[in-house]
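One structure is given here, and the rest of the page talks about it.
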Amino acid sequence: MLVLGIESSCDETGVALYDTERGLLAHRLHTQMAMHAEYGGVVPELASRDHIRRLVPLTQSCLQEAGADYADIDAVAFTQGPGLSGALLAGSGYANALAFALGKPVVPVHHLEGHLLSPLLSDNKPAFPFVALLVSGGHTQFMAVRGIGNYTLLGESVDDAAGEAFDKTAKLLGLPYPGGAELSQLARLGSPGVFEFPRPMLHSPDLQMSFSGLKTAVLTAVQKVRAENNGNIPKQTRNDICRAFQDAVVDVLAAKSHKALLDTGFHTLVVAGGVGANQKLRATLSALTIQPHTKGRSKPPAEAVKVHFPAPEYCTDNGAMIALAGAMRLQNAQTAGSFDVKPRWPLAEIMKN
Ligand code: KG4
Ligand code: ZN
């Protein structure tokens, strides 16, 4: 079964062809980052218009690479939400029109389910059950994943998402939008321990997280540095701030990942979403083991954890994860085609009853 996947929830147009027998056949991405950078953030109306311009050529390019024709497509999957309503409507309108013209089913997909299942695009697929850490620009959540459509929210950020904190901090440091990836590059050049930022809610007894206080701590440090340097931030100081900020975020995500594994008893962690491209986070989580609690004196041996990351190109928004999630939903006979978009859509609502 050949599924065309369409992603248009924000500032990236993603199109992909996924075959349930042969895997991913082609995928194309157009990022609008340069267009929005001028404005310091995503301009929704510009985003919608650009998606409309890109969808047909990207689809044609995918079909060409896959050596397929429109008539070979068995179903069209698209991101129904959450996201920007105009941007979602561009993808929904296109997917529904194409599916109608081809006489094929249309499969609405939850954007976060796409991220959640994206590690299944790799050859080394995680087995259910697993803990999923979703870290994107809009979400930072831990989910217990027991199967397709069987997701339980374990905890989430109570304020800013980790990616949002990366982007806002990058902006404070004068880096261009969206900034998260560039901040992490500069962090590599920073020295550890020059700045110390708080690790909010690190020891809270749950899986809730908070990143807005961290951003405020950076703001205070930046103001002090500027006051001492005629309004400037010396290059090395900026790198040191990036390093301290990233270390704090990674520490929190690693500690909470450990707790999520301990609480669920699962031994597999799947990391998805744009911040999952962060090399420091990948290295830290890859080294994670589970240290069981003990009341006695002897320390039980640490238990091994399997950690799965999507390839960096599938961490950020893309059409491949939507095609894959759509194909899995179809195989599980969970389709209910709809033209509607759902700009706000909690993942818990797509749970199987
Ligand atoms: O999943 P995604 O592409 O879009 C959303 O659905 O939000 O994630 C985008 C987020 C942005 O906040 C971006 O700054 C962040 O992922 N990001 C990174 C890195 N690459 C992308 N954050 C930290 N380190 C990176 N290397
Ligand atoms: Zn996303």
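Exactly which chymotrypsin sites (Phe, Trp or Tyr not before Pro) in region 1-89 are in a DSSP loop and have at most 10 other Cβ atoms within 10 Å?
Values: sites: Tyr18, Tyr39, Tyr70, Phe78; in loops: Tyr39.
Listed in order of number, the matching sites are Tyr39.
Where Lys and Arg each count +1 and Asp and Glu each count -1, what net charge lies around Arg28 among other residues with Cβ under 13 Å from its Cβ? Write out the running numbers ahead of the final one.
On the way: positive: Arg54; negative: Glu7, Glu12, Glu65, Glu313, Asp317.
Its environment carries a net charge of -4.
Expressed in nm to one decimal, what extension gain is obtained for the pair Gln60 and Val194 from 0.36 nm per residue of sequence separation less their Cα-Cα distance?
Working: separation 134, 0.36 × 134 = 48.24 nm, distance 5.13 nm.
The Gln60-Val194 span can extend by a further 43.1 nm.
Using Cα pairs under 8 angstrom and six or more residues apart, how large is the relative contact order of the chain, in percent?
Working: 758 pairs, mean separation 87.6, N = 353.
Averaging sequence separation for qualifying contacts and normalising by length gives 25 percent for the chain.
Using 1/(1 + (r/R0)^6) with R0 = 35 angstrom and r between the beta carbons of Asp251 and Ala101, what's the FRET efficiency to the nearest 0.05? Mind showing how you got there, number by number?
Numbers: r = 51 Å, r/R0 = 1.47.
Rounded to the nearest 0.05, the efficiency is 0.10.
Give me the angle, in degrees from 0 to 90, between the Cα long axis of helix 85-102 and the longest principal axis of the Cα atoms of the chain, rounded to the nearest 10.
Tilt of helix 85-102: around 30 degrees.
Calculate log10 I(q)/I(0) of region 1-75 for q = 0.22, 0.27 Å⁻¹, where I(q) comes from the Debye formula with a single equal point scatterer on each Cα and nothing for solvent.
Rounded to two decimals, the profile gives -0.88, -1.16.
Put a dot 7 Å past each Cα toward the Cβ at Ser204 and Glu313; how far apart are the dots in nm?
3.7
Along the Cα→Cβ direction, 7 angstrom out, place labels at Leu219 and Thr31. What is the inter-label distance in nm?
Label at Leu219, label at Thr31, 2.7 nm between them.
So, how do all the Cα-to-Cα distances of region 126-308 break down into 5 Å bins, in percent, from 0 on up?
1, 8, 16, 20, 18, 13, 10, 6, 3, 2, 1, 0
Taking the convex hull of the Cα atoms, report for the chain its projected area averaged over all directions, in nm². Display every interim value, and only then the final one.
Numbers: hull surface 75.2 nm².
Computing the convex hull of the Cα atoms and averaging its projections yields 18.8 nm².
Might you report the magnitude of the Cβ-based charge dipole of the chain about its Cα centre, with Lys and Arg at +1 and Asp and Glu at -1, to the nearest 20 debye? Mind dumping the intermediate values first?
Values: 30 positive and 32 negative charges, 203 e Å.
In debye, rounded to 20, the chain gives about 980.
For region 125-199, state which trypsin sites (Lys or Arg not before Pro) are in a DSSP loop and have at most 16 other beta carbons lying within 10 Å of their beta carbon. Write out the running numbers ahead of the final one.
Details: sites: Arg146, Lys168, Lys171, Arg188; in loops: Arg188.
Those satisfying the criteria are Arg188.
Could you list, in their original order, any pairs among Lys256/Lys280; Lys171/Lys215; Lys215/Lys256; Lys168/Lys259 whose Cα atoms are separated by more than 21 Å? Can you show the working numbers first?
Values: Lys256/Lys280 16 Å; Lys171/Lys215 11 Å; Lys215/Lys256 19 Å; Lys168/Lys259 27 Å.
In this structure, Lys168/Lys259 lie more than 21 Å apart at Cα.
Compute the helix-to-body angle for 212-228: its Cα long axis versus the longest principal axis of the chain, expressed 0 to 90° and rounded to tens.
The angle comes out at about 60 degrees.
Ranking request for peptides 228-240, 294-306: highest mean number of other beta-carbon atoms within 10 Å first, then the rest in descending order. Spell out each step's value before the answer.
Values: 228-240: 14.1, 294-306: 9.8.
Descending packing order for the listed peptides: 228-240, 294-306.
What nm distance separates the two modelled labels at Gln185 and Asp340, each placed 7 Å from Cα along Cα→Cβ?
That separation, rounded to one decimal, is 4.3 nm.
Mind pulling the angle between the C-alpha long axis of helix 235-264 and the longest principal axis of the chain? Nearest 10 degrees, somewhere in 0 to 90.
With rounding to tens, the tilt is 70 degrees.
What FRET efficiency do you get for Lys299 and Asn229 if R0 is 51 Å and r is their Cβ-Cβ distance, rounded to the nearest 0.05? Intermediate results must be reported in sequence, preceding the final value.
Numbers: r = 47 Å, r/R0 = 0.93.
In this case the efficiency is close to 0.60.
Could you tell me which of Leu116, Ala16, Gly40 has its Cα farthest along the dipole of region 1-150 towards the positive end, charges placed at Cβ (Lys, Arg +1; Asp, Glu -1), taken about the Cα centre?
So the residue furthest toward the plus end is Leu116.
Rule-based calculations on the coordinates, nothing more; no lab input. All of these numbers come straight from a predicted model, not from anything done at the bench. Virtual Cβ from ideal backbone geometry, glycine too; neighbours counted across all protein chains shown.
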